[in-house]
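The values are calculated or read from the model by the stated rules, or taken from the named source; none is laboratory data. This structure is a prediction, so every number in the text was calculated from the model and none was measured. As a convention, Cβ positions derive from the backbone with ideal geometry for all residues, glycine included, and neighbour counts pool all protein chains shown.
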Amino acid sequence: MMRFFGAIVFTVLLVSYSGAGSSKEFKQVIIEPQDKSGSDLSLKVFIDELKSIVQEKDIEGLKSVCAKDIFYSKAEKPGIAGFIEYFGLDEDPGDPFFWNGFEQILSRGGDFAKGSKNAYLIPYWYGAFPQVMDAVKNVCAQPCIANMKNTPVYKNPDKKGKILKSVSYEVLIVLQYTPGDDNNIYYKVRTYGGMEGYVLAENIYLEYSLHATLKKINGKWKIAELTKG
């Protein structure tokens, strides 16, 4: 069983980075989430169904909308039973970490895979991440996106502390993974312009954050992929 929605993160990818100092080391890129599902009525209906399933924490409903060979981990054999076990839903079907994480990405738009009308990527940033990588191509660092409007950047890892600035859907540089003084999890980040501060982990979207691919299979939309990494 694996859980990826709480404080468990791939810290191996977040090596402390101190080589940056210039305010112009990476492009200022803002990527507001968009919902492109409206161009396909059947997809829109399917996403509404997913939202209802998530709201009700309906495990049987979830199984019914998964592709038979749903992908969830490179290290595991695809399939619904493995998917359910992997996310711990066999032991706790109401696990809030899973359902809250899924609800979050469903609320943040999506777009069709390049050149396809039968594959839809959620959240929107999953398909847009090449733009993020382009913004930092001259910087040896891990990029991320502030995943909500007016995301606070704190002076210290404490959400009751001083806010240095707010950023909205902006590309940031991740410097370090940091347990907070208030028992929350933070990432130390650098903003465009060179300011450094701390952002709550839940307000950061990374390349390996939770994402999903919906595919039209035999005329019906299904969850073909739900994974991190």
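Got a sec? Which of Lys51, Lys68, Lys74 is more than 21 Å from Lys220 (Cβ to Cβ), of a type in the set (D, E, K, R) and surrounded by fewer than 17 Cβ atoms within 10 Å (Cβ to Cβ)? So that I can check it myself, show each step before the final result.
Values: Lys51 fails: more than 21 Å from Lys220 (Cβ to Cβ); Lys68 fails: more than 21 Å from Lys220 (Cβ to Cβ).
When all the criteria are applied, what remains is Lys74.
Only one of these is under 15 Å from the mean Cα position of the chain (by Cα) and without any contact (Cβ under 8 Å) to a residue 24 or more places away in the chain: Gly127, Gly101, Gly109. Name it. Talk me through it step by step, then tell me what you get.
On the way: Gly101 fails: without any contact (Cβ under 8 Å) to a residue 24 or more places away in the chain; Gly109 fails: without any contact (Cβ under 8 Å) to a residue 24 or more places away in the chain.
None of the other options fit; the residue is Gly127.
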Tell me yes or no: at least one residue of the stretch 150-165 is over 23 Å from Lys51 (Cβ atoms), among the β-branched types (Val, Ile, Thr) and part of a loop (DSSP other than H, G, I, E, B). no
Within the stretch 94-107, residues touching an Asp or Glu at 6+ places or on another chain (Cβ under 9 Å) and surrounded by fewer than 21 Cβ atoms within 10 Å (Cβ to Cβ) come out as Gln104
Can we say Trp125 is in contact with a Lys or Arg (Cβ under 6 Å, 6 or more places away or on another chain) and either over 27 Å from Gln28 (Cβ atoms) or buried (at least 21 other Cβ atoms within 10 Å of the Cβ) (or both)? no
What pairs can you find where one residue is in the stretch 55-74 and modelled with pLDDT under 95 and among the polar types (S, T, N, Q), the other is part of a helix (DSSP H, G or I) and surrounded by 16 or more Cβ atoms within 10 Å (Cβ to Cβ), and their Cβ atoms are less than 7 Å apart, with a gap of 6+ or different chains? Ser73/Tyr86
I'd like to check something: does the stretch 214-225 contain any residue that is in contact (Cβ under 8 Å) with a residue 24 or more places away in the chain and on the phi > 0 side of the Ramachandran plot? no
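I need the full set of residues from the stretch 32-46 which are within 21 Å of the chain's Cα centre (by Cα), part of a helix (DSSP H, G or I) and either hydroxyl-bearing (Ser, Thr, Tyr) or surrounded by fewer than 18 Cβ atoms within 10 Å (Cβ to Cβ) (or both), in order please. I'd like the intermediate steps shown before the answer.
Looking only at the stretch 32-46, we keep the residues that are within 21 Å of the chain's Cα centre (by Cα), and these are 32-37, 43-44, 46.
Those still in the list that are part of a helix (DSSP H, G or I) too: 37, 43-44, 46.
Within the stretch 32-46, Ser37, Lys44 meet the criteria.
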When residues of the stretch 77-93 are filtered for being hydrophobic (A, V, I, L, M, F, W, C), surrounded by 14 or more Cβ atoms within 10 Å (Cβ to Cβ) and not in a loop (DSSP other than H, G, I, E, B), how many remain? 3
Residue ID - surrounded by the most Cβ atoms within 10 Å (Cβ to Cβ), chosen from residues in the stretch 54-65 that are among the hydrophobic types (A, V, I, L, M, F, W, C) and assigned to a helix (DSSP H, G or I): Leu62
Give the stretch 184-229 a look and list any residue that's assigned to a strand (DSSP E or B) and among the acidic types (Asp, Glu), or say none. Glu196, Glu225
Hey, among the residues in the stretch 160-172 that are closer than 11 Å to Val199 by Cα and surrounded by 17 or more Cβ atoms within 10 Å (Cβ to Cβ), which one's nearest to the chain's Cα centre (by Cα)? Leu172
